Amino acid sequence: MRINPFKPGSPVPVGMFAGRLNELDKLEHGFAQTRAGQPINFLVTGDRGIGKSSLLWFESAVARGKVESGDFGYFKFCVASTQISEKTDLVTFLKILQKEIAREVGKTEVVRKFLAETWDFLQRVKIMDSSIDRARKDSEEEIVISDFCHSLAETVARITQPGQGEDRREGLVIVIDEADNASAELRLGYLLKTITEALLRASCNHVCFIVAGLPDTFDKLRQSHESSVRIFDPLPIRELEIKDRRRVVELGMAEANKLNVAGKITIAEDAKEQIALLSEGYPHFIQQFAFSAFNAAKGSEITLDDVNSSAYSRGGAIETIGLKYYQSDFYDKIKSDEYRQVLKIMAARGNDWIKKSEIRAEFKGTEGRLSNAIQALTSRRIIQKDSAKDGVYRLQQRGFALWIQYFGDPKSAR
Ligand SMILES: Nc1ncnc2c1ncn2[C@@H]1O[C@H](COP(=O)(O)OP(=O)(O)OP(=O)(O)O)[C@@H](O)[C@H]1O
Ligand SMILES: [Mg+2]
């Protein structure tokens, strides 16, 4: 058996990360600014599977100085990473950040003691009971946030100007992934705006926030505080260019030959090209097509036929992508065949805008049922209504549209 290096299910390891030169440039520029006391925060947004978490992993390694930056040499930041779920509340969120920081910098007894004292207040804060009234909850939260900022500023001061024998860091990078999951109660936009402003008031100028999530993260932040999005430089992540798609495959093949020293394996040019084309630049498609083709290859070369047969077969790449990324949207959130019919009609246009009248022309069913379907899909955030034009809609995600197109009759996906 050959060990398959492709990573269809998880963010890509640093050694297999391909492309994204502009995004890397921007983030590293931000690190250099933060190092110089002029911090920049980023809001990384993009479709499911477009590569947000992979980019964050890679740049966390750059910030820590594990990977050299093209323009700025080796950084030396402390990096604290967290992911948001629907259940994350304020206290849990702050505690996780504090623990992450302690894990990274609390290497010596002296620093551990300093951290324990500085963060003492957080250990005593209890998760607020949901039954207490909003006004009281808000005011208690204000105090917790203010104490948090104070401790954070002290910690950053300590790691940037350390005591004897302690490691000096250039500052702190706080990475917050899956921010689209944030509940309204967490008030993430408000929270981040309050923290960044408090840090600046405390002359704590060496902290950079990177927040990442699906494209609607932007609206979520704005709903919790109108101007909170202004503290971020937007960094939208798009499909990979053709040459970078090939590079994803090449880096995987190089890894394969490290893992399988005994049985070298190559990929035919047309096979590589086909993966690049079929994927339309979605890295999770590339990893899955390459993974499936790698497993299908019989000899020492992955052929075009291996790519095609493993993509479309039952249990093949396209079906697997759907199971991993889109199944819940397609089936679990949508119980009716009519809803799926609407999605199929819309998916034929990718995620371009389409008029309701155009959907109606192909829809087999009554007007009322079509309206219901469109309304249900909109409220479940699977399709989006054009706020500027009446009766115009589109699918939220192009990757999802592609999957529906590829997969043809949705019934066969079961
Ligand atoms: N630059 C890259 N080079 C190679 N592979 C990548 C790259 N970016 C992402 N991938 C691959 O694409 C897939 C999706 O990546 P990732 O999990 O980072 O996306 P995401 O945007 O965070 O997705 P989600 O919205 O589900 O959180 C993974 O299989 C990962 O290995
Ligand atoms: Mg992710």
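The values are calculated or read from the model by the stated rules, or taken from the named source; none is laboratory data. Since we're looking at a predicted model, the values are computed, not measured. With ideal geometry, Cβ positions are generated from the backbone for all residues, glycine too; neighbour counts draw on all protein chains shown.
General observations
- Selected residue [in contact (Cβ under 8 Å) with a residue 40 or more places away in the chain and on the phi < 0 side of the Ramachandran plot] from Glu241, Glu226: Glu241
- Considering (1) assigned to a loop (DSSP other than H, G, I, E, B); (2) over 24 Å from Ala36 (Cα atoms), the lone condition that Phe114 does not fulfil carries the number (1).
- Meets criteria (aromatic (Phe, Trp, Tyr), outside the structural domain of Val249 (by TED's automatic domain parsing) and in a loop (DSSP other than H, G, I, E, B)) for Phe6: yes
- Exclusive hit being modelled with pLDDT of 95 or more and buried (at least 21 other Cβ atoms within 10 Å of the Cβ), set Leu56, Leu94, Leu90: Leu56
- Selection of region 184-239 for residues being small (Gly, Ala, Ser) and either under 19 Å from Thr34 (Cβ atoms) or away from ligand 1 (no atom under 16 Å from the Cβ) (or both) yields Ala184, Gly189, Ala198, Ala202, Ser203, Ala212, Ser224, Ser227, Ser228.
- For region 126-153, the candidate set comprises residues that are modelled with pLDDT under 80 and in contact with a helix residue (DSSP H, G or I) (Cβ under 7 Å, 6 or more places away or on another chain); within that set, the residue that is surrounded by the fewest Cβ atoms within 10 Å (Cβ to Cβ) is Ile127.
- Qualifying residue in region 46-54 (condition: farther than 22 Å from Lys193 by Cβ, within 9 Å of ligand 1 (Cβ to nearest atom) and in contact with an Asp or Glu (Cβ under 8 Å, 6 or more places away or on another chain)): yes
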